[in-house]
1. Which length gain, in nm to one decimal place, applies between residue 86 and residue 177 when the Cα-Cα distance is subtracted from 0.36 nm times their residue separation?
2. What order do you get for 32-38, 124-130 when each peptide is scored by the mean count of other beta carbon atoms within 10 Å, highest first?
3. If I fit a long axis through the Cα atoms of helix 363-382 and take the longest principal axis of the Cα atoms of the chain, what angle between them do I get, 0 to 90°, rounded to 10?
4. Assuming R0 = 30 Å, can you tell me the calculated FRET efficiency for the pair residue 112 and residue 192, based on Cβ-Cβ distance, to the nearest 0.05?
5. Please list, in order along the range 286-291, the HN-Hα scalar couplings obtained from phi with the Karplus expression 6.51 cos²θ - 1.76 cosθ + 1.60 (θ = phi - 60°), rounded to whole Hz, x for Gly and Pro.
6. Return the calculated 222 nm mean residue ellipticity for the chain, to the nearest 500 deg cm²/dmol, obtained by summing -39500 (n - 2.57) across DSSP H runs with n ≥ 4 and dividing by the residue count.
7. On a 0 to 90° scale, report how tilted helix 225-234 is relative to the longest principal axis of the chain, with both axes built from alpha carbons and the result rounded to the nearest 10.
8. With charges set only on the Cβ (+1 for Lys and Arg, -1 for Asp and Glu), what does the dipole of the chain come to about its Cα centre, in debye to the nearest 20?
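Taken together, the values in this text are just the output of simple stated rules run on the coordinates, not laboratory data. Not measured: the values here are computed from a predicted model. In this analysis, Cβ positions are derived from the backbone assuming ideal geometry, glycine residues included, and neighbour counts consider all displayed protein chains.
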Amino acid sequence: MYLEPGSLRMLALGFSAGLPLLLVLGTLSFRLREAGIDRTTIGYLSWVGLAYAFKWCWAPLVDRMPLPVLTRVLGRRRSWLLVSQLAIAAGLLGMAQADPRAGLDVLVLCALVVAFASATQDIALDAFRIESAGTDRQAALAATYQTGYRLAMIWAGAGVLWVAARHEVADLAGYQQQAWQAAYWAMAASMTVGVVTVLTVREPVRAALPPARGAADWLRQVLVEPFADFLRRHRWHAVLLLALIAVYRISDVVMGIMANPFYVDMGYTKDEVAAVSKVFGVIMTLAGAFVGGVLSMRFGVMRILMLGAVTSALSNLLFAWLGSHGHDVRALVLVVSADNLAGGIASAAFIAYLSSLTNVRYSATQYALFSSMMLLAPKWLAGFSGAFVDAWGYTPFFVGTALLGLPVLLLVALASRVRIATDGGR
């Protein structure tokens, strides 16, 4: 099933979706810390990622509004994908030129462009994935999508450090702008993977929607009906489902903002972080994504959701343990491997779960609502992570992020007792 054309397409499109995220969050935090920016400021700048949490606001437009000329040529999903991918590449080029030591205004503005364009790409791509196959194939598509996504995150995390290290002047210490400039140029060029894929795939067949009778009816169909449909189908259970969605990834998201500043402060070099993430991170992420997809199809999504929640919280405790070891590359290998394995399992199961809740008639809007809620509270809380570390240190921070996962276990247990409508209106 992983070698089917639909799965391979999602591998490439998942790469395009995963590339921008770290470049405006985790990798950017490494770059800023190396440039001497304090951790509190780095934490607050992570709120750039809130663009992903509010994408439901413009998801109805992506779901229903055609783009001039492009939609007629490519179709609605592909046209939005192409425009967003080109905007991401342009924003990354702007980030390449900006020097954080001279001021953060231009860098933050370009990062916002990348974040908003990336969120728009996510809206169109999630709809493309859901509309491309039936429910029986969503777990497989989710697994290959997640694999491509994680490969891109490793390229945007480890690869960008490797490229920057290769362009450093050997006898110069500290931050080197030309090295980071070359690295972000390489990342912008990597968006061609998504562009080429969009230009060569077919537009999925969309479910027929009733024609709107006037502007008021169109606004009702676009803005109100996708949310009303979810509430009608799940009734009071909707509160439980939305609560689970809102906090499921909170441990990972809050911890992730401080991971790269932690590596810098622990004395790990760009090459060390890149090598560990590239080799062991890739292997364990691939294993986690594929295992998560297979186990979800074999044993059910809810059981694997619980497994992912447990392992994600426990992996944060390993970072607290790593902090007591000083500069220890072998310990870094162990921690990064475990963290990527847990993240791959949890993400594959969670994507399949969100897809099962979605009505194909409103796929872009409903999935954007779910994935936005997944990030809103964690991203807001993560903005204070730098201030917490400055006040209390890394070990209490990592332990605290693990404890944030405890309410998730209760919500998964409660949600597993609820009979979820998995047909999504198909």
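1. Gain on extension, residue 86 to residue 177, equals 30.3 nm.
2. Values: 32-38: 18.0, 124-130: 26.4.
In descending order of packing, they fall as 124-130, 32-38.
3. 30
4. 0.85
5. Karplus values, whole Hz, x for Gly and Pro: 4, 4, x, 5, 5, 5.
6. That comes out to -23000 deg cm²/dmol.
7. 90
8. Around 1500 debye, computed over the chain.
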